[in-house]
Amino acid sequence: QVQLVESGGGLVQPGGSLRLSCAASGSIFSIYTMGWYRQAPGKQRELVATITNRHRTNYADSVKGRFSISRDDAKNTVYLQTNSLKPEDTAVYYCNANAPMGVYWGQGTQVTVSS
């Protein structure tokens, strides 16, 4: 079983930044592919970014150049640095772990971009 706990969400003005964190349990975190997804009201959950165990990254077109995913395997933590935030980035952001024993989700953290 893998437990994921997100933090770092909040209310930010357009153009601002937030750093989301996701702490994972488990002694083999370093082999997981980790990801961030988001779900806005009335919309389906969508991929934001992923990072493999070899630190290979992938981004949705809508966030390329603005968001950056990284991981610290020593801390069992994955981060999402969000810059130049737009109102359309408003959503609940979920951490995801793709592990040998299955796929796991965190409880989500709300990001609201509004003036």
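The values are calculated or read from the model by the stated rules, or taken from the named source; none is laboratory data. Predicted model only: the values in this text are computed from it and were never measured. Note: ideal-geometry Cβ built from the backbone for every residue, glycine included; neighbour counts use all protein chains shown. Protein only, heavy atoms only, side chains kept; ligands, DNA and RNA dropped before computing areas. Shrake-Rupley method; radii C 1.70, N 1.55, O 1.52, S 1.80 Å.
Could you check segment 2-29 and list, in sequence order, the residues that are assigned to a loop (DSSP other than H, G, I, E, B) and within 21 Å of Thr50 (Cβ to Cβ)?
Pass one, segment 2-29, residues assigned to a loop (DSSP other than H, G, I, E, B): 2-3, 8-9, 13-17, 25-28.
Those that are assigned to a loop (DSSP other than H, G, I, E, B) and within 21 Å of Thr50 (Cβ to Cβ): Val2, Gln3, Gly8, Gly9, Ser17, Ser25, Gly26, Ile28.
In segment 19-62, which residues are of a type in the set (A, V, I, L, M), within 11 Å of the chain's Cα centre (by Cα) and buried (at least 18 other Cβ atoms within 10 Å of the Cβ)?
Hits for segment 19-62 are Leu20, Met34, Val48, Ala49, Ile51.
Condition first: among the small types (Gly, Ala, Ser) and either in contact with a Leu (Cβ under 7 Å, 6 or more places away or on another chain) or in a loop (DSSP other than H, G, I, E, B) (or both). Now tell me which residues in segment 43-71 satisfy that. Working first, answer last.
The first filter runs over segment 43-71 and keeps only residues among the small types (Gly, Ala, Ser), leaving 49, 60, 62, 65, 68, 70.
Once the filter is applied, which keeps residues that are among the small types (Gly, Ala, Ser) and either in contact with a Leu (Cβ under 7 Å, 6 or more places away or on another chain) or in a loop (DSSP other than H, G, I, E, B) (or both), segment 43-71 yields Ala49, Ala60, Ser62, Gly65.
Under 7 Å by Cβ, and 6 or more places apart or on different chains, what pairs join a residue from segment 27-46 that is free of Cβ contacts under 8 Å to residues at least 24 places away in the same chain with one that is hydrophobic (A, V, I, L, M, F, W, C)?
As it stands, the answer is Glu46/Ala60, since those pairs meet every condition given.
Can you pull out every residue in segment 72-115 that is open to solvent by less than 60 Å² (accessible area, probe 1.4 Å), within 20 Å of Gly26 (Cα to Cα), not in a loop (DSSP other than H, G, I, E, B) and not hydrophobic (A, V, I, L, M, F, W, C)?
Asp72, Asp73, Thr77, Tyr79, Tyr94, Asn96, Gly102, Tyr104, listed by residue number.
State all residues of segment 1-16 that are over 14 Å from the mean Cα position of the chain (by Cα) and open to solvent by 30 Å² or more (accessible area, probe 1.4 Å); if no residue qualifies, say none.
Residues satisfying the conditions are Gln1, Gln3, Leu11, Gln13, Pro14, Gly15.
Please specify each residue of segment 63-79 satisfying the condition of being more than 19 Å from Ala99 (Cα to Cα) and within 13 Å of the chain's Cα centre (by Cα).
Here is the first cut: in segment 63-79, the ones more than 19 Å from Ala99 (Cα to Cα) are 63-68.
Correct list: Val63, Phe67, Ser68.
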